[in-house]
1. Within 10 Å of each Cβ in peptide C:240-247, how many partner chain Cβ atoms are there on average? Round it to a whole number, please.
2. Between segment D:95-152 and segment B:74-114, how many Å separate their Cα centres?
3. Given contacts defined as C-alpha pairs under 8 Å and at least six residues apart, what's the relative contact order of chain C, whole-number percent?
4. Where does helix D:89-98 land angle-wise versus the long Cα axis of chain D, in degrees 0 to 90, nearest 10?
5. Pick from B:Q52, B:Q169, B:Q160 the residue whose mean-square fluctuation is largest in a GNM of chain B, springs joining Cα atoms under 10 Å.
6. Please report the spacing between the Cα centers of segment A:64-98 and segment C:83-151 in Å, no decimals.
7. Only helical DSSP H runs with n ≥ 4 go in: add -39500 (n - 2.57) per run for the protein assembly as shown, normalise by residue count and round the 222 nm mean residue ellipticity to 500 deg cm²/dmol.
8. Quick one: what are the phi-derived ³J(HN,Hα) couplings along segment C:60-74, Karplus 6.51/-1.76/1.60 with θ = phi - 60°, whole Hz, x for glycine and proline?
Amino acid sequence: MTTTFNKRLLIVWLILTSMTLAYVWIDHTADQNGTLRASTVVTVSAIVIALIKVRIIFREFMEVRHAPPLLCRLTDAWVVLIAVCLLGSYFVGSSIAG
Amino acid sequence: MTNLADSRPQVKEKPAKFVPGQPDMWMFVLFESLLFTGYFSVYLVSRTQNEQLYLQSQADLDLRIGIFNTIALLLSSLTIARCVKASRAGNYRSALTNAFLTIFFGVVFLVSKILEWVKEIRLGNTFTSNEFFQHYFFLTSIHCIHVLIGFVVLGVVVYQLKSPARRSQQLVETGATYWHTVDFLWVLIFALLYVVR
Amino acid sequence: MPDPPAGSRVSRLVWNFRHHPKRELWFAWWVMVIFYNLYGVLFFFVTHVQPPPSPAWDTPTVVRWFDDNGHGILVGFSVVFLVAGMCAPMNALLAYSMRRMSVSRVFAYSYLIIYSLAAVPGMLVMAIAMTVAALRPDRDPQLIHWLYDFAFLSFSGTMGVFMIGSLVWLVAVLLDKNRVFPKWFGYLSLCNALTEVVVAPAWIFQRGAFAWNGAIAWWINMVVFVLYTCVFIVLLRKMIEREDFGTGPLPDLLGKRAAVQSDSVEAVR
Amino acid sequence: MRQRDGELILFWTLPVVAIIWVSAFLLFPGFLHPMSPTMSAEEVAAFYRDDTARIRYSMILFNWFGVGLIPVVMLLAMQIRRMAHRTPIVSYSLIACAGGPPTLFLVANMFWLLGAFRPERAPELTQLLNDLAWLTFTILVPYLIAQCLLLALAIYWDRQDQPVFKPWVAHFNLLIAAALAPAAFTALASTGPLAWDGLLSFWVKNVAIFVWIIVMGIALGQTIRQQRAQNLVAA
């Protein structure tokens, strides 16, 4: 019983870690010759990957998977809310800056 | 609660739905993440107003340190999740080991964070250097304060696990929920400070 | 508990004020509500010191700001000087909530002293500095600018008393077994305590999100503070309604419907 | 039963503190003819230059004994605990008030002493210190007002056969609160009764504080004596 749980947790951790390492790849493709360049694609994908990680942490580590539907929906709504706020402020800010 | 669960046959296949830890802690998690979303939004808006400065300053951050931080915290999240499972199964020895591992990885995170601050300050990037480093030092240090509070919380978890007289599963889960919050806030901070372009 | 006599609202109010068993608690609660309302009106609408003007202004702008708002500042802060004593029953009620918990009296007394102390650097010093600045518009502009900084920094930058006070309340709420407050209020106290950490850069920056009028150091903190204040006002009201003057757990509030039902059950029997 | 030893000693410090306060009040050169807010910066600077010694010694005396009233307020708070109340809210409130006036007074006291420390500085700076001192001194009333009102309320609520204080004490406290109130508005006028050298803001306020100390001293003394007599009988 415990071992199957632990295996699942380990797989989750591996997924989260590999998603973290994916940032290295994003980072390498975004920059040329060590100078950093602004990029909407990188920004959006960085935020989206982070939010997917947050949702996985919610579902698996924080055991929302087994929680009543209210908490499931609430945490999902929160991920969406955070996404809207972050992407919204990025795009609104960009459009103000021109 | 258990009586209720026993009376229903299908419960055996699907474990009963429950909120891990105190529901009160979940209100804190949601409220605190909303607050951080506020800080992040301010950061992203200021960033778009002065993109070149942020990009130049960002070049002084080392992505590898950020990744190391993240993996350390993810490991601590893994161990505290294992701690919760073990303590639920009544395996308190393993739960304690995992709680101490969590503390260990938390300390690793903290030390690597402090070393990174020292490195940045040596490079001449301080809290007052420019707008990017204002946000960098603010977000990392407010998060570190959460880590420090987390050590108090983990202390409570260890205290609960140590004696058979206590061992409140609810408090262990509440502490774990707090610690995971520290973790996922760092996941967001990491993406926003190190990766966003 | 004897019932108030039938009569006009005023006579019932007078009776309640003199004889109601919870008169002291309700008195303190109403003082608190009136105080926070007055505080909002005086700081936001009469003196215009909130939301705060910019710390980045140059001296002539600051002097002009005092010229425009001087009269409101003098009148508003005079009223503050008259009513600042209302803090006392308010803090007494908050301390009482801790006294009602299953924790040591040390919590109640610590909170009482910490928050009584807080009013001087956190509010009255600002009022004094603002009044002195508005008193003589012909004063050397540099000195007016210094008073301006002094006022806003003492107001925003008084942190520790509120932080430690909130933490004392937090620990009391979490340890309490009398169910005086829900545990989530304890966690909300932690959020409130952290706003006092977040405001610290106001001592350092003259512009940006962390200055004393900044998006993070002022606006987000203000949202938390207002929410926290509203929450504890409501929770204290609930506490007073549930108060049974015992030492054990506070009973739950019997809803009106439940009371009616139990009455009808009695009647059937 | 609570220990009551030493209460009489604390009580008898009151006349001593009162005498010291009156002496320091008379010694400070700016009180008998209170300084007007209309004085120019040069006049203020001259005042600190010419009367340096008396300012220093009187304010040092005030600094030593400015907090002298706290034990008496605490004695009052303890008496409130004996009243027929169901909660300690009023005595908590009085404790919360006790520190306020001395703190504000000490702030004013420091500004006066600072003013006299380097009287040769630029007159505008001395005037600023003087303004801060006088304003803080005049507006230290909010906690005193609250103390009076809370005492009055506590006495009105004390419904028992032998109340701790007689009802006239409550009425007296209301009167004092009313007398202290105008001082809060001193910043609105630089001449006339509201100005900080005026009839209401200076004379009425300070005389009210003085009268309060004497009258409450007598009332408190009687109460403590009665209480001790009762305790003796009970023992």
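1. Numbers: counts 1, 0, 0, 2, 0, 2, 0, 0.
So the per-residue partner count for this stretch is 1.
2. 55
3. Numbers: 319 pairs, mean separation 47.6, N = 269.
Once divided by the residue count of chain C, the mean separation gives 18 percent.
4. The angle comes out at about 30 degrees.
5. B:Q52
6. Comparing the Cα centres of segment A:64-98 and segment C:83-151, I get a distance of 38 Å.
7. Values: 31 runs with 565 residues, N = 799.
So the calculated ellipticity at 222 nm is -24000 deg cm²/dmol.
8. Values, residue by residue: x, 5, 4, 4, 5, 4, 5, 4, 6, 9, x, 5, x, 5, 4 Hz.
Values quoted throughout were computed directly from the atomic coordinates according to the rules given, and no laboratory measurement underlies them. The structure displayed is predicted, hence computed values, not measured ones. Note that each Cβ is placed from the backbone with ideal geometry, even for glycine, and that neighbours are counted across all protein chains shown.
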